[in-house]
Number of protein chains: 2
Amino acid sequence: MLGIIRVLTHDDPNFVGEHGRLIEQQYGIASLSRCIADQPTGIFDAASEARAVPKIVALGRQLEQDGCKALFLSCAADPGLAALRQAVSIPVVSAGSAAASIAALLQRPVAVMGIGANAPAPFRNLLGEDILYARPQGVTNTTDLLTPEGREASLACADGLYRQGIEVIAFSCTGFSTIALAGAINRQLGKIAIDAVSAAGLFASQLAPN
Amino acid sequence: MLGIIRVLTHDDPNFVGEHGRLIEQQYGIASLSRCIADQPTGIFDAASEARAVPKIVALGRQLEQDGCKALFLSCAADPGLAALRQAVSIPVVSAGSAAASIAALLQRPVAVMGIGANAPAPFRNLLGEDILYARPQGVTNTTDLLTPEGREASLACADGLYRQGIEVIAFSCTGFSTIALAGAINRQLGKIAIDAVSAAGLFASQLAPN
C-alpha cells in the first residue's frame, strides 16, 4: 500500500484520490490518499509551506503506522521532503524530484513546464538554476487546466518548447497529470514529456512493489 | 549504504566495485559490493540462474544484516528479484527492470541493446515480448566491449537503431556502463540511451537517499 500525501485540504474524496487512481491505472499499485488539515488553498508561498511541513511529517508518520510500505508526497515542490524522510522508516518519493531526476538521467536538452512563477526548487537543484521554464498562457491555477482553452494552451506551450530544440519536458505541476497532457504530447507532438505523478509511480513500482 | 549484488564470482575488488563507483560518481551514494560464490562464469543459462538464485537471496539477507538500506541486484536479467524482495525488508532495485521501466515511461519508439541472444525477461515484460533487440557485431561477452573495436561496434549498433526511427535505447548489459556508452551516444549521436547501472542508481538516489 502506497500512502499518498496531498498537500492541501479538500472535502471531495474523488479529487483527493485522483493521483492514486492514476498510479493504480498505470502501475497496479493500491494507495491510500490523505490531505493535510486546514489548508484549503494548499501551499503557495513560504509561509504556507512552513505551516504545511509539520503536518506533512505527521501525516507521513500516521500513514506508516497505518501500514503503508512507501509514501508519495504529491507536490512538485517537494515540501518538507527531507524532514519527512527523517521521520519515517519507509521509502518516500516526491513528485518534483521524481520527475526532475528522470529528466536529468536522459541528458538531453530539457525544460520545465508548470503553472507557477518559476521552476520549483527540486527542478532547479537537479537540472540547474538556469533551467528553462515555461507556463501555458492564461493558466495560473490547476482549475484553468481543466478547460478546453487551458488544455490547448498547455499543448501550445509544450510545442513552442520543442520547436526551440528542447527534447524533454518535465512537468512541475500535477495538474498536467489530471488532463493527461504527457500522453497528448506523445501522440499529437511525438515528443517526450515526463509526468510528475507517473514518475513518482514509477519509483514506487520498483522500490515498494508489494 | 547501498548493497550491490554481483551475480558472478570474481577476485579483483576493482572489478567487483565497478558499478558501485559509477553510482557514487553519479549520485554520491556509498555502496558495498559483494559477489555470489562459486560462479566465476556468472549466469548464462537456466541452470546457472537456478544455482545463483539461492545465493543471491542469501547475499541480500547478509547485506541487510550488515546495515545496507537498499539493495541493487546488478544484472539486467533480474535473476531472483522476486525472491530477493520477499526475503528482505529493504527496497531492492535491479538493473533490468530499472532501465526497462524508465524506457517504458517515455512512451517513445524503443529498442533494447545487449550482448546476449535476445532481450532479457524484464525488458520483454515491461516493453513487450516483441521489443526490438540488437547486439553489436562481433561482441559476445563483456570483455569484447573493452576493445576499441567493441566500442566502435556498440556505437554503430546504436546508430543503426536510431536511423530506423528508434528514439530510446535501453541497455540490457551492464558492460555498456563500464565503457560509458550512454554518454558517448548522447555526445556523438545526440540521442537518448538508458544505462542500466545509472537507472538503478537513480532509483536508489530517490528512495534510499541516506
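When you check B:Ala98 against the structure, is it out of contact with any strand residue (DSSP E or B) (no Cβ under 9 Å at 6 or more places or on another chain), in contact (Cβ under 8 Å) with a residue 12 or more places away in the chain, hydrophobic (A, V, I, L, M, F, W, C) and within 13 Å of chain A (Cβ to nearest Cβ), yes or no? Let's see the steps before the verdict.
Working: out of contact with any strand residue (DSSP E or B) (no Cβ under 9 Å at 6 or more places or on another chain): no; in contact (Cβ under 8 Å) with a residue 12 or more places away in the chain: yes; hydrophobic (A, V, I, L, M, F, W, C): yes; within 13 Å of chain A (Cβ to nearest Cβ): yes.
It is false that B:Ala98 is out of contact with any strand residue (DSSP E or B) (no Cβ under 9 Å at 6 or more places or on another chain), in contact (Cβ under 8 Å) with a residue 12 or more places away in the chain, hydrophobic (A, V, I, L, M, F, W, C) and within 13 Å of chain A (Cβ to nearest Cβ).
Out of (1) more than 14 Å from chain A (Cβ to nearest Cβ); (2) open to solvent by 50 Å² or more (accessible area, probe 1.4 Å); (3) touching a helix residue (DSSP H, G or I) at 6+ places or on another chain (Cβ under 8 Å), the odd one out for B:Ser89 is which?
Going through the list (1) more than 14 Å from chain A (Cβ to nearest Cβ); (2) open to solvent by 50 Å² or more (accessible area, probe 1.4 Å); (3) touching a helix residue (DSSP H, G or I) at 6+ places or on another chain (Cβ under 8 Å), B:Ser89 breaks only (1).
Give, as residue ranges, the helices (runs of 4 or more DSSP H) completely inside region B:101-210 that count at least 3 residues that are touching a residue at least 60 places away in the same chain (Cβ under 8 Å) and away from chain A (no Cβ under 14 Å). Lay out the reasoning, then the answer.
Details: elements: B:121-127, B:142-145, B:148-163, B:175-178, B:181-184, B:196-207.
In region B:101-210, B:175-178 are the helices (runs of 4 or more DSSP H) which contain 3 or more residues that are touching a residue at least 60 places away in the same chain (Cβ under 8 Å) and away from chain A (no Cβ under 14 Å).
Taking the conditions exactly as written (more than 11 Å from chain B (Cβ to nearest Cβ) and within 24 Å of B:Ile102 (Cβ to Cβ)), does A:Ile23 satisfy them or not?
Details: more than 11 Å from chain B (Cβ to nearest Cβ): yes; within 24 Å of B:Ile102 (Cβ to Cβ): yes.
For A:Ile23, the condition - more than 11 Å from chain B (Cβ to nearest Cβ) and within 24 Å of B:Ile102 (Cβ to Cβ) - is met.
For B:Val53, work out the one condition from (1) touching a strand residue (DSSP E or B) at 6+ places or on another chain (Cβ under 7 Å); (2) under 30 Å from B:Glu129 (Cβ atoms); (3) not assigned by TED's automatic domain parsing to the domain that holds B:Cys173 it doesn't fulfil.
Exception for B:Val53: condition (1).
Among the residues of region A:124-157, which ones are over 17 Å from the mean Cα position of the chain (by Cα) and under 22 Å from A:Leu105 (Cβ atoms)?
Listed by number, the residues that qualify are A:Gly128, A:Glu129, A:Asp130, A:Ile131, A:Leu132.
Within region B:41-55, does at least one residue satisfy the condition of being of a type outside the set (Val, Ile, Thr), assigned to a loop (DSSP other than H, G, I, E, B) and in contact (Cβ under 8 Å) with a residue 24 or more places away in the chain? Walk me through it before giving the result.
Taking region B:41-55 and keeping what is of a type outside the set (Val, Ile, Thr), we get B:42, B:44-52, B:54-55.
From what is left, the residues that are assigned to a loop (DSSP other than H, G, I, E, B) are B:42, B:44-45.
Keeping just the survivors that are in contact (Cβ under 8 Å) with a residue 24 or more places away in the chain gives B:42.
There is at least one residue in region B:41-55 that is of a type outside the set (Val, Ile, Thr), assigned to a loop (DSSP other than H, G, I, E, B) and in contact (Cβ under 8 Å) with a residue 24 or more places away in the chain.
Out of the residues in region A:63-79 that are over 14 Å from the mean Cα position of the chain (by Cα) and either away from every other protein chain (no Cβ under 11 Å) or buried (at least 24 other Cβ atoms within 10 Å of the Cβ) (or both), which is farthest from A:Glu49 (Cα to Cα)? Let's see the steps before the verdict.
So the first thing to find is which residues in region A:63-79 are over 14 Å from the mean Cα position of the chain (by Cα), and the list is A:63-70.
Okay, now just the ones that are also either away from every other protein chain (no Cβ under 11 Å) or buried (at least 24 other Cβ atoms within 10 Å of the Cβ) (or both), so A:63-68, A:70.
Values: A:Leu63: 20, A:Glu64: 22, A:Gln65: 24, A:Asp66: 25, A:Gly67: 27, A:Cys68: 24, A:Ala70: 22 Å.
Checking each candidate, the answer is A:Gly67.
If B:Gly20 passes every condition in (1) outside the structural domain of B:Gln164 (by TED's automatic domain parsing); (2) open to solvent by less than 20 Å² (accessible area, probe 1.4 Å); (3) out of contact with any Lys or Arg (no Cβ under 8 Å at 6 or more places or on another chain); (4) farther than 19 Å from A:Leu207 by Cβ but one, which one does it miss?
Failed condition: (4).
Within region A:139-158, restricting attention to residues that are closer than 21 Å to A:Asn118 by Cβ and not polar (S, T, N, Q), which residue is most open to solvent (accessible area, probe 1.4 Å)? Steps first, please.
Step one: filter region A:139-158 for residues closer than 21 Å to A:Asn118 by Cβ, giving A:139-145, A:150, A:153-154, A:156-158.
Right, trim to not polar (S, T, N, Q) and you get A:139, A:144-145, A:150, A:153, A:156-158.
Details: A:Val139: 4, A:Asp144: 43, A:Leu145: 1, A:Gly150: 3, A:Ala153: 20, A:Ala156: 62, A:Cys157: 22, A:Ala158: 0 Å².
Per the criteria, the residue is A:Ala156.
The values are calculated or read from the model by the stated rules, or taken from the named source; none is laboratory data. Please read all numbers here as calculations on a predicted model, not as lab measurements. Virtual Cβ from ideal backbone geometry, glycine too; neighbours counted across all protein chains shown. Calculation scope for accessible area: heavy atoms of the full protein, side chains included, ligands and nucleic acids excluded. Shrake-Rupley method; radii C 1.70, N 1.55, O 1.52, S 1.80 Å.
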